[in-house]
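Written below as structure tokens is the structure these notes are about.
The values are calculated or read from the model by the stated rules, or taken from the named source; none is laboratory data. From a predicted model like this one, the values you see are computed outputs, not experimental measurements. Neighbour counts are summed over all protein chains in view; Cβ atoms, including those assigned to glycine, are modelled from backbone coordinates with ideal geometry.
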Amino acid sequence: MNTLEKTRKIINEYNIKANKKFGQNFLIDDSILEKIVEVADIQENDLILEIGPGLGNLTEYILKKSNYAILIEIDPKMEFILKNRFSNFHNYKLINEDILKINIDDFIEKVEKELNKKFQKVKVVANLPYYITTPILFKLLQESKRINEIIVMIQKEVAERMVAKNKSKEYGILTLMVDYLSDANICFLVPNDSFIPKPEVTSAVIKLVKNKKYDVKEEKLFFEFIHSAFAQRRKKIVNSLESKHFRNMTKEELNQLLEKLGYSLNTRAEELTIQDYIKIVNAIGEENGNE
Ligand code: SAH
């Protein structure tokens, strides 16, 4: 039986309806499922974290390839289905929780204690619920210290914003945050007929390898600065920063700073590269005596 047939069977057997509220779109294309685990390049010492296993379509591929997986699913209806489907597998732990509400690293540690084993890498492999893509990704990238790689299906538009070039309309806070925290690549696109029910949008699988490669002296200042700068992306950056009361700097102070660093006073947020942002923010930090 292929995944499409299995999905139909489960839906009938358990009388399941995809729950829109939870962003349920079940992946039914076996060649795509195979490609996702291939991109994840699962190794002996990897712990896999799947967010939103749903009926278990991707989970089946994961459990066959990996030593151990933690599955986090918000919908309590899925528990019974998953336990039945994977009754022959003993290499997983299913957690019925909201991914946004838990401390992921605590669960990883708990599993490691139970197994008396320390995993070398933790990889997130998932077809994410699209309505909360960015909060999930920020949580995985910023909050967790244990996650090393993230291989996920998301909406194509969001994937494009993550890897955008400056001066494009996709370029923004998400681009800068992702670049600051990881090396990001779009692996392949996935048409909407690979799912049931069909989502309205085209999807993409992206791979993020965590890597802090830039020398940002004060992270908080950097995050604050890019949020203020992009508050009004079409405006001159000094005006956006001033209207957001960025560190209460006056327009004159902001102009002086840009001038000193060799930028035009007409610069707009979308024109600057991440290196430009870091240069500016580190200079502000220095002037403030690195509080
Ligand atoms: N992995 C499955 C299902 C993907 S749909 C497949 O590819 O077929 C997204 C899944 O995420 C659904 O199962 C949904 O119930 C789950 N989900 C939605 N919000 C969640 C949250 N906050 N925490 C954990 N899981 C969530």
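For this structure, a couple of remarks:
Here is a yes/no grid of residues against (1) of a type in the set (Val, Ile, Thr); (2) more than 14 Å from the ligand (Cβ to nearest atom); (3) closer than 20 Å to Leu63 by Cβ:
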residue	(1), (2), (3)
Val111	yes, yes, yes
Leu115	no, yes, yes
Asn127	no, no, yes
Gln155	no, no, no
Val163	yes, yes, no
Tyr171	no, yes, no
Leu176	no, yes, no
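- Residues of the stretch 87-109 satisfying the condition of being within 11 Å of the ligand (Cβ to nearest atom), without any contact (Cβ under 8 Å) to a residue 40 or more places away in the chain and not in a loop (DSSP other than H, G, I, E, B): Ile95, Leu100, Lys101
- Checked against (1) at negative phi; (2) near the ligand (Cβ under 10 Å from one of its atoms); (3) not hydroxyl-bearing (Ser, Thr, Tyr), Glu34 passes all but a single condition, namely (2).
- Options Ile16, Ile48, Ile62; residue that is touching a helix residue (DSSP H, G or I) at 6+ places or on another chain (Cβ under 6 Å), buried (at least 17 other Cβ atoms within 10 Å of the Cβ) and either part of a loop (DSSP other than H, G, I, E, B) or at pLDDT 95 or above (or both): Ile48
- Whichever residue in the stretch 198-234 is under 19 Å from Tyr131 (Cα atoms) and β-branched (Val, Ile, Thr) and, among such residues, is surrounded by the most Cβ atoms within 10 Å (Cβ to Cβ): Ile206
- Residue match in the stretch 34-42 (condition: part of a strand (DSSP E or B), touching a Lys or Arg at 6+ places or on another chain (Cβ under 6 Å), among the hydrophobic types (A, V, I, L, M, F, W, C) and farther than 21 Å from Pro191 by Cα): no
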